[in-house]
Amino acid sequence: MDNKLFIYNTLTRTKEQFKPIHEGHLGLYVCGPTVYGDAHLGHTRPAITFDLLFRYTRHLGYKVRYVRNITDVGHLENDADEGEDKIGKKARLEKLEPMEVVQYYTDRYHAHMDALNVLKPSIEPRASGHIIEQLQIVDKIMDKGYAYESNGSVYFDVEKYNQQHNYGQLSGRVLDELYSTTRSLDGQGEKRNSFDFALWKKASPEHIMRWPSKYSEGFPGWHLECSAMSAKYLGETFDIHGGGMDLMFPHHECEIAQSTIAHGHVLANYWMHNNMITINGQKMGKSLGNFITLEEFFSGNHKLLTQAYDPMTIRFFILQAHYRSTLDFSNEALQAAQKGLQRLMEAYARLDKLTAGEKSDFNITEWQEKCHEALNDDLNSPILISHLFEAVKWINSMVAGQATLTADDLKLFTQYMHLFVEEILGLKNSIDAKGGGEVLKNVIDLLLTLRMEAKARKDWATTDKIRNELQAMGVLVKDTKDGFEWELK
RNA sequence: GGUCGGUUGGCCGAGUGGUUAGGCAACGGUCUGCAAAACCGUGUACGGCGGUUCGAGUCCGCCAUCGACCUCCA
């Protein structure tokens, strides 16, 4: 197996060669969405980043089990004490059953991910379906003396943990500093230290989502689900844990602490964090209220958007930046991505029409190796894309009759283009994406064949009429050397 | 305040101690019934000031500036 994949491990702050726990297998856990609202552009980053990892590692030959959770309980509005469950709050506001809210936004999340051609994870567990597993972890931590009960709630004893372990190993926090920097909120009285986090919360009377336990009728703390579900489906130690950089602290740090105590060993060998998408230089997020949902991108229905954007444009926009860099949103940047993607996909579609020649003007093997090297270097999709644009030039010069590939090379080249464009980057032609279908395709081809006949007899009126009317319907026609091309706008 | 990370040509974005990132936009040319597309060519970017070096956007120091996290956040 090609095992030259290097990934940046947040734990060590270096790029490391990836070595799986079990040869040929890869366990991947990524923090998924909290389904209390529509996914926005920011949520799209981890989905696409880890989709790329999923696709690439499968291509490398790993049998990948990709677990991405759905958080449908346990996320509090504020810090552990006085908060209200996000799902419960939304349910109250909309007078819906909490699970009705969960179902609604889960369905929409799935639809949006499908549109973005994000593959379904192997397992998509829900927090609410794993209350028992979460309580088992609470018990284990209690048994080992690293948690304490207070007024029906259970908190993790960070100070005690830090005596034997390093609370802050992932995020670079130093516990001493957290004494002074942790924000003091109301109702912290139940905790020994403000930085202790809840494993189990006693439900207040008005709290809708609640489960019985020996501690109280309540609900799990928000870090717990990931520890419970990753252990259940991937084992107590697994290969890669992913998520957004903003989850590094406290979420991932708490996960590590909980799992380390409950299971007695390392949670994950590699931690990968995608950076944020910014808007006007600031993080796009819920709290700032500066987010644009995917729905709004697809429809163009938002005051900051000058047009609608195809899901593939969004995908390409994200892949054009490295996942560990911030990526700044703007209409200009998105439009540039749209045009670039269009050029790439048009050339890609032309591959089928190429005919082999006597000699090869391009070195396909060398090119393919560079593409793999880019991916092996911490999933450097921007570099891969730059190589693909080199291929675009090749294709176009071959179409123009200025260069050739031998039959063997052409076949190889076509296979690799398919691999990189569709299988690994997950890009697809907008004609397919828009569901044009065979019939429509054939009808347009027929019309344009008629137009070619009119053109041949220099009937410019008919020639232009067909082109212009098709264009008005959203079909862009382009003449080629001895034929035509078209695309749906 | 603490911790961490940015600052690259008109825009977006890679990378690297010495040789072209790439895309978009712009300009010039070729092709073309027209248009579109395509192809070819052009632009001497690397926040500032010092230092190390034969040579630094690339390493070091200082300064400026922006941001992320420290509270829910992808």
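Results, tabulated for the structure shown:
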| quantity | calculated |
| --- | --- |
| Candidate set: segment A:364-377, residues that are open to solvent by 30 Å² or more (accessible area, probe 1.4 Å) and over 19 Å from the mean Cα position of the chain (by Cα); chosen: the one farthest from RNA strand B (Cβ to nearest atom) | A:Thr365 |
| Yes/no for A:Gln136 being open to solvent by 20 Å² or more (accessible area, probe 1.4 Å) and without any contact (Cβ under 8 Å) to a residue 60 or more places away in the chain | no |
| Test: A:Leu334 is part of a loop (DSSP other than H, G, I, E, B), over 30 Å from A:Thr404 (Cα atoms) and among the aliphatic types (A, V, I, L, M) | no |
| Count of segment A:18-63 residues which are in a strand (DSSP E or B) and either among the small types (Gly, Ala, Ser) or farther than 23 Å from A:Glu423 by Cα (or both) | 3 |
| Qualifying residues in segment A:222-280 (those that are of a type in the set (Val, Ile, Thr) and more than 15 Å from RNA strand B (Cβ to nearest atom)) - the one farthest from the chain's Cα centre (by Cα) | A:Ile261 |
| Flag for A:Ser381 being in contact (Cβ under 8 Å) with a residue 60 or more places away in the chain, over 24 Å from A:Glu487 (Cα atoms) and among the small types (Gly, Ala, Ser) | yes |
| Selected residue (criterion: surrounded by the most Cβ atoms within 10 Å (Cβ to Cβ)) from residues of segment A:177-191 that are more than 9 Å from RNA strand B (Cβ to nearest atom) and modelled with pLDDT of 60 or more | A:Lys191 |
| Any chance A:Arg173 is within 16 Å of RNA strand B (Cβ to nearest atom), under 29 Å from A:Ala39 (Cα atoms) and surrounded by fewer than 21 Cβ atoms within 10 Å (Cβ to Cβ) | no |
| Odd one out for A:Asp361, checked against (1) in a helix (DSSP H, G or I); (2) over 36 Å from the mean Cα position of the chain (by Cα); (3) surrounded by 14 or more Cβ atoms within 10 Å (Cβ to Cβ) | (1) |
| Residue count for segment A:281-292, restricted to those that are touching a residue at least 24 places away in the same chain (Cβ under 8 Å) and either surrounded by fewer than 17 Cβ atoms within 10 Å (Cβ to Cβ) or within 6 Å of RNA strand B (Cβ to nearest atom) (or both) | 5 |
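Every residue, every condition in (1) buried (at least 21 other Cβ atoms within 10 Å of the Cβ); (2) modelled with pLDDT of 95 or more, yes or no:
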site: A:Thr14; (1), (2): no, no
site: A:Ile21; (1), (2): no, yes
site: A:His25; (1), (2): no, yes
site: A:Gly37; (1), (2): no, no
site: A:Leu41; (1), (2): yes, yes
site: A:Thr44; (1), (2): yes, yes
site: A:Thr49; (1), (2): yes, yes
site: A:Tyr56; (1), (2): yes, yes
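To keep it simple, each residue is scored yes or no on (1) under 14 Å from A:Phe389 (Cα atoms); (2) within 8 Å of RNA strand B (Cβ to nearest atom); (3) touching a residue at least 60 places away in the same chain (Cβ under 8 Å).
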position: A:Leu294; (1), (2), (3): no, no, yes
position: A:Ser299; (1), (2), (3): no, no, no
position: A:Ala321; (1), (2), (3): no, yes, yes
position: A:Ala333; (1), (2), (3): no, yes, no
position: A:Leu341; (1), (2), (3): yes, yes, yes
position: A:Ala347; (1), (2), (3): yes, yes, no
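The values are calculated or read from the model by the stated rules, or taken from the named source; none is laboratory data. Predicted model only: the values in this text are computed from it and were never measured. We place every Cβ from the backbone using ideal geometry, glycine too, and count neighbours over all the protein chains shown. All accessible areas refer to the heavy atoms of the entire protein, side chains included, with ligands and DNA or RNA removed. Shrake-Rupley method; radii C 1.70, N 1.55, O 1.52, S 1.80 Å.
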